[in-house]
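> Next up is a structure, given as structure tokens.
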Amino acid sequence: MLQVLEPESSGAAPVGAAMSALAAGGERSGAGAREAVASDAFLAISNLRKRYEGSGRGATLALDDVSFTIARGAFLTLLGPSGCGKSTLLNMIAGLDAPTAGRIDIAARTVFDSERKLDLAPAQRNISMVFQSYAIWPHMTVRQNIEFPLEHGSQQKTLSKAARKAAVDHALEKVRLTAYADRPAPLLSGGQQQRVSLARALAQRPAIILLDEPLSNLDANLREQMQKEIRSIVTDEGITAVYVTHDQKEALSMSDVIVLLKEGVIQQVGTPDSIYYRPENRFVAQFMGWPNVIEATVSGFDRDSQAVHADSPLGAMRLLRVPGAAEPRRGDRIDVIMKQEDLRIVAPTQYVEADNVFSLPLVRQVFHGDRLEVICQAGDKTLAIYANARQRQTGPLVSVACAPEHLHYLPHEAGSR
């Protein structure tokens, strides 16, 4: 059902090529393409690999043994830096690119399986896609842009004219464009044109909606507004969504589940708060906001309280054992993750006995409008604290407190900074 079509005049070659595939029906391979598979997951990615053969430079492994599942109605985000494989993975779910190996199941139906040589065409996967470009036909009205795939795509034989109108009217209402239905689409603002693209995807009632960095062309304020609108609309419609972005804040604010990738390999899968507060490696910790990372050495462990004692450039500190981690031993080197917002600037009487408290030399203060970043010296490194924007420090030393339960640690990674 993936029927979002690209205007020929746009000049966007990659999207235009994708649109040609979207309009094409029929199976590309595999006699048993419609065979259902038993699965509790609505979308299941199993051992997916993608290898691009280069000319004279060897092969490039874009995805390496990627596996995850999500439930019906979930909002999943593929997150990572440029070149990590997130858009490649999205295109494989859509059927716009074929994996080298692995399997993809959508709604308990296998749409790709390398072992069975099964590969359903995009139009048979019951998905819609919202591209980074708005993909608006400039010679059509808003209504015509939304209705066109229903008239000319795979649903044209199953939907009556009245049903098509009802689907378009519902989509227009969801994106708050009913009053603009008969307006030429190019006369809309960038945010409104992106709503048209979203409405066109919703009107097809897909099993899954795929969104490839749809907000990257919008300014910061409009992007934040559209994040809330997209999440609200998709959730209200009960549609499963897979969203691609390199923006950490966007992923944290919109997602039920985040899949964080680096160089084609999954680094962590989890809820936004688990990935943010409990990163599984240093890359995840630093990618999710560049927290303070302080090297420390374990000096003791209390099994009864699960308290980890460590020596660091800040001084002695106390943490809590990470759930599921091996029991720390004296002499173990660890990297302590200290979130800027979890550190507090305190007076001598403002902290509780259980807090870690450090007195650190003030280096500088950076005003961000909504907060003040206070930077202190910590051995040969600096430590940043987020404070109230009006809480400017005046003395040479700053008293910094942090609760042990707000600290996280990882095994030390040699050579990391």
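> Give the residue, chosen from 180, 134, that is of a type in the set (Ser, Thr, Tyr), buried (at least 17 other Cβ atoms within 10 Å of the Cβ) and farther than 26 Å from residue 253 by Cα. Spell out how you get there, then give the answer.
Values: 134 fails: farther than 26 Å from residue 253 by Cα.
Within the list 180, 134, the selection yields 180.
> Return yes or no: is residue 144 assigned to a helix (DSSP H, G or I), buried (at least 20 other Cβ atoms within 10 Å of the Cβ) and touching a helix residue (DSSP H, G or I) at 6+ places or on another chain (Cβ under 9 Å)? Give the derivation first.
Values: assigned to a helix (DSSP H, G or I): yes; buried (at least 20 other Cβ atoms within 10 Å of the Cβ): no; touching a helix residue (DSSP H, G or I) at 6+ places or on another chain (Cβ under 9 Å): yes.
So residue 144 does not fit the description; no.
> Considering only residues that are in a loop (DSSP other than H, G, I, E, B), among the polar types (S, T, N, Q) and touching a strand residue (DSSP E or B) at 6+ places or on another chain (Cβ under 8 Å), which ones fall in the range 44-95?
Here is the first cut: in the range 44-95, the residues in a loop (DSSP other than H, G, I, E, B) are 54-58, 71-74, 80-85, 95.
From the residues that got through so far, the ones that are among the polar types (S, T, N, Q) too are 55, 82.
Once the filter is applied, which keeps residues that are in a loop (DSSP other than H, G, I, E, B), among the polar types (S, T, N, Q) and touching a strand residue (DSSP E or B) at 6+ places or on another chain (Cβ under 8 Å), the range 44-95 yields nothing.
> Hey, another quick one. Mind counting the residues in the range 209-223 that are assigned to a helix (DSSP H, G or I) and either in contact (Cβ under 8 Å) with a residue 12 or more places away in the chain or surrounded by 15 or more Cβ atoms within 10 Å (Cβ to Cβ) (or both)?
Filtering the range 209-223 for residues assigned to a helix (DSSP H, G or I) gives 220-223.
Now drop any that are not either in contact (Cβ under 8 Å) with a residue 12 or more places away in the chain or surrounded by 15 or more Cβ atoms within 10 Å (Cβ to Cβ) (or both), which leaves 222-223.
Residues meeting the conditions: 2.
> Look through the range 276-300, keep the residues that are of a type in the set (A, V, I, L, M), without any contact (Cβ under 8 Å) to a residue 60 or more places away in the chain and under 21 Å from residue 250 (Cα atoms), and return whichever of them is surrounded by the most Cβ atoms within 10 Å (Cβ to Cβ). Quick ask: steps written out before the conclusion?
First pass over the range 276-300, keeping only residues of a type in the set (A, V, I, L, M): 284-285, 288, 293-294, 296, 298.
In the following step, the residues that additionally are without any contact (Cβ under 8 Å) to a residue 60 or more places away in the chain were identified as 284, 288, 298.
Right, trim to under 21 Å from residue 250 (Cα atoms) and you get 284, 288.
Values: 284: 20, 288: 23.
The residue in question is 288.
> Another question, if that's okay. May I ask you to say which residue of 119, 113 is more than 30 Å from residue 271 (Cα to Cα) and either among the charged types (D, E, K, R) or without any contact (Cβ under 8 Å) to a residue 24 or more places away in the chain (or both)? Before you say what the answer is, go through the steps one by one.
On the way: 113 fails: more than 30 Å from residue 271 (Cα to Cα).
Result: 119 is the single residue among 119, 113 that is more than 30 Å from residue 271 (Cα to Cα) and either among the charged types (D, E, K, R) or without any contact (Cβ under 8 Å) to a residue 24 or more places away in the chain (or both).
> Let me ask something else about it. So, in the range 99-125, exactly how many residues are within 21 Å of the chain's Cα centre (by Cα) and under 23 Å from residue 194 (Cβ atoms)?
The qualifying residues number 0.
> Just to check your reading of the model, which residue among 196, 259, 242, 234 is within 17 Å of residue 144 (Cβ to Cβ) and either surrounded by 15 or more Cβ atoms within 10 Å (Cβ to Cβ) or in contact (Cβ under 8 Å) with a residue 60 or more places away in the chain (or both)? Before you say what the answer is, go through the steps one by one.
Details: 259 fails: within 17 Å of residue 144 (Cβ to Cβ); 242 fails: within 17 Å of residue 144 (Cβ to Cβ); 234 fails: within 17 Å of residue 144 (Cβ to Cβ).
Just a single option satisfies the conditions, and that option is 196.
> Residues of the range 367-411 being touching an Asp or Glu at 6+ places or on another chain (Cβ under 9 Å), closer than 14 Å to residue 345 by Cβ, without any contact (Cβ under 8 Å) to a residue 40 or more places away in the chain and not basic (Lys, Arg), which ones?
Result: 389, single match.
> When the residues of the range 40-92 are filtered to those that are at positive phi and among the small types (Gly, Ala, Ser), which remaining residue is surrounded by the most Cβ atoms within 10 Å (Cβ to Cβ)?
80
> Considering each of 82, 128 in turn, give the residue that is within 26 Å of residue 238 (Cβ to Cβ), touching a residue at least 24 places away in the same chain (Cβ under 8 Å) and under 19 Å from the mean Cα position of the chain (by Cα). Step through it out loud before you land on a result.
Working: 82 fails: within 26 Å of residue 238 (Cβ to Cβ).
That would be 128, the only listed residue that is within 26 Å of residue 238 (Cβ to Cβ), touching a residue at least 24 places away in the same chain (Cβ under 8 Å) and under 19 Å from the mean Cα position of the chain (by Cα).
> Test residue 322 against the criterion of being out of contact with any Gly (no Cβ under 6 Å at 6 or more places or on another chain), of a type in the set (Val, Ile, Thr), in a strand (DSSP E or B) and surrounded by 11 or more Cβ atoms within 10 Å (Cβ to Cβ), and give yes or no. First the steps, then the outcome.
On the way: out of contact with any Gly (no Cβ under 6 Å at 6 or more places or on another chain): yes; of a type in the set (Val, Ile, Thr): yes; in a strand (DSSP E or B): no; surrounded by 11 or more Cβ atoms within 10 Å (Cβ to Cβ): yes.
No.
> Here's something else I'd like to know. Given (1) more than 26 Å from residue 122 (Cβ to Cβ); (2) out of contact with any Ser or Thr (no Cβ under 9 Å at 6 or more places or on another chain); (3) touching a residue at least 40 places away in the same chain (Cβ under 8 Å), where does residue 187 come up short, assuming only one miss?
Looking at each condition in turn, residue 187 falls short on (3).
> Return the total of residues in the range 338-370 being under 14 Å from residue 317 (Cβ atoms) and exposed (fewer than 14 other Cβ atoms within 10 Å of the Cβ). Steps first, answer last, please.
From the range 338-370, those under 14 Å from residue 317 (Cβ atoms) are 338, 342-343, 351, 354-360; that's our starting set.
So of that shortlist, the ones also exposed (fewer than 14 other Cβ atoms within 10 Å of the Cβ) come out as 354, 359.
Count: 2.
> Could we say that residue 403 is out of contact with any Phe, Trp or Tyr (no Cβ under 7 Å at 6 or more places or on another chain) and closer than 17 Å to residue 308 by Cα here?
Details: out of contact with any Phe, Trp or Tyr (no Cβ under 7 Å at 6 or more places or on another chain): yes; closer than 17 Å to residue 308 by Cα: yes.
Yes.
> To continue, here is another question. Would you be able to tell me the number of residues in the range 96-130 that are basic (Lys, Arg) and either within 30 Å of residue 249 (Cβ to Cβ) or assigned to a strand (DSSP E or B) (or both)?
Quick first cut of the range 96-130, residues basic (Lys, Arg) only: 103, 109, 116-117, 125.
Imposing the further condition that a residue be either within 30 Å of residue 249 (Cβ to Cβ) or assigned to a strand (DSSP E or B) (or both) reduces the set to 103, 109.
Total meeting the criteria: 2.
Values in this text are rule-based calculations from the coordinates and carry no lab data. Computed from a predicted structure; not experimentally measured. As a convention, Cβ positions derive from the backbone with ideal geometry for all residues, glycine included, and neighbour counts pool all protein chains shown.
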